[in-house]
Amino acid sequence: MNRKLVSAALAVLAIVLIYALNRHRGPAPALKITSTEHPFAPDFSLQQLSGQSLTLSSYRGKVVLLDFWATWCVPCREEIPHFVELQDKYRQQGLQIIGVSMDDGPEPVRDFYREFKMNYPVVMGDAKTGELYGGVLGLPIAFVIGRDGRIYAKHIGATDVAVFEKEFAGLL
Amino acid sequence: MTLPKNRQIILTLAAPILLASPLFALQASLIPSSRLINPEALVKILQSTKGEKPLVLQVGPHVLYAQAHIPGSEYVGPVSSPNGLEQLRKRVESLPKKKFIVIYCGCCPWNHCPNVKPADDALQAMGFTNVKVLYIANNFGADWVDKGYPTAKGD
């Protein structure tokens, strides 16, 4: 009798756990970035336009500007030419820009890449990647990641180049 | 053949307007304020036990909807694309023209959103008379999720 009770209790517990883990959760936990709090940038492996995989942690030792964008995002289209210039200007000093496209598919991204002569890798992002970064619920959003892999700044919306250059000066 | 001077002047003045007109067609800022509803007001309507509940349609990118959306809202897709526009038309074509509908996006700052104005225009053209566009000033994250309004995720 006791064994039956224990089995029944375990079965109920399992059902409750399965329900709790699969119900609609709230928004992704925010990445808290302040002047003194610098969380590690969540690692990911995503496919580039070339088909090759790109893993963020392989860029440890470089300063990374991680830009979430999309071809349909007007402020992104205004910002990206400046990113192309920044990549050329600071490449030798160790800057690596990585674009994470939130488009539904790669075809418009490939056209955009060619049209805008992008000179840094672009990977295809998704909702899961957005959630890793606290929810990418509007574009563009850019993260500045130091050589140690920690996030030092987050920028929501198109951001003046001078702001990024000031941040790079402290990290490169 | 050289055009008369007055026609040259007219064309010179009209050309930039004509070239820019497709851009104006997308501008959410052109939606009259009488057709807008702010997030706080929509939350009150959704949480009220009285009154008609609107059909809430997300007319923006799927990656945004999957991460966070208004509970009970339906995903239509970016109406700036022909496919999204077609999906919107299919979803509403059998509805009564007085149906209370709210459309929203939240992909970008309001003046840059490519989706809400085409969606609003399409619903007006189809004869819907009770449509509101959710005014999202910055993006869905800042103006809805971060304000603590009800949110669901997934498809």
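The values are calculated or read from the model by the stated rules, or taken from the named source; none is laboratory data. Just so it is clear, the model here is predicted, and its values are computed rather than measured. FYI the Cβ positions are ideal-geometry reconstructions off the backbone, even for glycines, and counts take in every protein chain you see.
Numbers below:
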item: Segment B:44-86 - residue that is within 13 Å of the chain's Cα centre (by Cα) and assigned to a helix (DSSP H, G or I) and, of those, modelled with the highest pLDDT; result: B:85
item: Number of the exception - residue A:147 against (1) farther than 24 Å from residue B:151 by Cβ; (2) within 14 Å of chain B (Cβ to nearest Cβ); (3) part of a loop (DSSP other than H, G, I, E, B); result: (2)
item: Verdict on residue B:139 being under 23 Å from residue B:29 (Cβ atoms) and out of contact with any Cys (no Cβ under 8 Å at 6 or more places or on another chain); result: no
item: Within segment A:76-85, considering residues that are surrounded by fewer than 19 Cβ atoms within 10 Å (Cβ to Cβ) and touching a strand residue (DSSP E or B) at 6+ places or on another chain (Cβ under 9 Å), the one modelled with the lowest pLDDT; result: A:77
item: Single match in B:120, B:146 (criterion: on the phi < 0 side of the Ramachandran plot, within 14 Å of chain A (Cβ to nearest Cβ) and among the acidic types (Asp, Glu)); result: B:146
item: Residues located in segment A:118-158, provided they are among the polar types (S, T, N, Q) and surrounded by fewer than 18 Cβ atoms within 10 Å (Cβ to Cβ); result: A:119
item: Sole exception among (1) within 12 Å of another protein chain (Cβ to nearest Cβ); (2) at pLDDT 95 or above for residue A:91, by number; result: (1)
item: Identity of the residue in segment B:106-117, assigned to a loop (DSSP other than H, G, I, E, B) and more than 17 Å from residue A:156 (Cα to Cα), that ends up farthest from the other protein chains (Cβ to nearest Cβ); result: B:115
item: Qualifying position, being in contact with an Asp or Glu (Cβ under 8 Å, 6 or more places away or on another chain), at pLDDT 95 or above and more than 10 Å from every other protein chain (Cβ to nearest Cβ), among A:123, A:100; result: A:100
item: Residue check, residue B:103 more than 14 Å from every other protein chain (Cβ to nearest Cβ) and assigned to a helix (DSSP H, G or I); result: no
item: Selection within segment B:118-139 - touching a residue at least 40 places away in the same chain (Cβ under 8 Å) and among the aliphatic types (A, V, I, L, M); result: B:119, B:122, B:131, B:133, B:134, B:136
item: Scope segment A:94-140; condition among the β-branched types (Val, Ile, Thr) and either outside any loop (DSSP other than H, G, I, E, B) or within 13 Å of residue A:72 (Cα to Cα) (or both); matching residues; result: A:97, A:98, A:100, A:109, A:122, A:123, A:129
item: From A:62, A:32, residue being over 14 Å from the mean Cα position of the chain (by Cα), closer than 25 Å to residue A:171 by Cβ and in contact (Cβ under 8 Å) with a residue 40 or more places away in the chain; result: A:62
item: Residue within segment B:127-138 that is outside any loop (DSSP other than H, G, I, E, B) and surrounded by fewer than 20 Cβ atoms within 10 Å (Cβ to Cβ) present; result: no
item: Hits in segment B:123-143 (condition: of a type outside the set (Ser, Thr, Tyr), more than 9 Å from every other protein chain (Cβ to nearest Cβ) and within 12 Å of the chain's Cα centre (by Cα)); result: B:123, B:124, B:131, B:132, B:133, B:134
item: Top-ranked residue in segment B:47-87 [being surrounded by fewer than 22 Cβ atoms within 10 Å (Cβ to Cβ) and hydrophobic (A, V, I, L, M, F, W, C); ranked as nearest to the other protein chains (Cβ to nearest Cβ)]; result: B:66
